[in-house]
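Notes follow once the structure below has been shown.
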Amino acid sequence: MSEAAVMPRGNAVAEVSGMVRTDGRNRRAAETRRKIIEAAKAMIDETSEAPTVVGVAKRADVSVRSVFQHFGDVQSLFVTVMDAVREDLVVPPPTPSTKPLDARIESVVASLAEIFDRIVPLRVAAGQFAGHPALVERALTSRQELRAATFEVFAPEFAQLSAEAREQLADAIGSALSLDAWVVLRRRDGLPVERAKAVWNLTLTALLAHDLGTAKA
């Protein structure tokens, strides 16, 4: 078959040309969106504040109009950045409940500290959008995931408690080892990472020991 026989003709040429132009626009749009998100992430890391649309446009080297075309408003951009950061996080698998309790406590604290320390700037900046439905929904999902992991990692300890005591212990752990609690230790109290982790190790150990001691009594 000759080369001419397989070359597109007439409307086919126009269709191929249109596809090429569309693909090119899509690639440029995707690259612009990526640059906007990366610029916003960098600015949040540096300032712990939600950046302005003008600031993001300047940092990403795009027009303000481009930012609005992709995200509509700064709240939508912030939610997208939060989702992008969440996707980038490498969450280690739960520590097996068969390991010694001390090892499990240390592992849980180390994992939470590593994750939370990366998103402290994002959490502080999110305070500017308190009550935003999308952020409230994501915060609830994160708390539920942490609660489920707590029950899994400390299954032997929870098994010794009544149903009510299990729920109360899970509530106490969720409150004491929350992202907001980590922000307090790292930002308000200015503790270095290792000292903040030591506080959480002591807290988690005390909570488990208290409830197990009560159950045995």
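The values are calculated or read from the model by the stated rules, or taken from the named source; none is laboratory data. Since we're looking at a predicted model, the values are computed, not measured. Here the Cβ is made from the backbone with ideal geometry for all residues, glycine too, and neighbour counts use every protein chain on show.
Can you run down the residue pairs with Cβ atoms below 7 Å, 6 or more apart or on separate chains, where the first is in the stretch 52-74 and in the same structural domain as Lys41 (by TED's automatic domain parsing) and the partner is crowded, with 19+ Cβ neighbours inside 10 Å and not in a helix (DSSP H, G or I)?
From residues that are in the same structural domain as Lys41 (by TED's automatic domain parsing), the pairs are Val74/Ala50.
The rows are residues; the columns are (1) surrounded by 12 or more Cβ atoms within 10 Å (Cβ to Cβ); (2) under 30 Å from Glu49 (Cβ atoms); (3) without any contact (Cβ under 8 Å) to a residue 40 or more places away in the chain.
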{"site": "Leu122", "(1), (2), (3)": "yes, yes, no"}
{"site": "Gln128", "(1), (2), (3)": "yes, yes, no"}
{"site": "Leu135", "(1), (2), (3)": "yes, yes, no"}
{"site": "Gln144", "(1), (2), (3)": "no, yes, yes"}
{"site": "Ala176", "(1), (2), (3)": "yes, yes, yes"}
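Where in the stretch 109-217 are there helices (runs of 4 or more DSSP H), lying fully within it, with 3 or more residues that are closer than 24 Å to Phe78 by Cβ, hydrophobic (A, V, I, L, M, F, W, C) and modelled with pLDDT under 95?
Numbers: elements: 133-153, 155-158, 163-176, 179-183, 193-216.
Result: 133-153.
Given the options Val108, Val90, name the one that is among the β-branched types (Val, Ile, Thr), out of contact with any Lys or Arg (no Cβ under 6 Å at 6 or more places or on another chain) and surrounded by fewer than 17 Cβ atoms within 10 Å (Cβ to Cβ). Explain how you work it out, then say what you get.
Numbers: Val108 fails: surrounded by fewer than 17 Cβ atoms within 10 Å (Cβ to Cβ).
Every option except Val90 fails the conditions.
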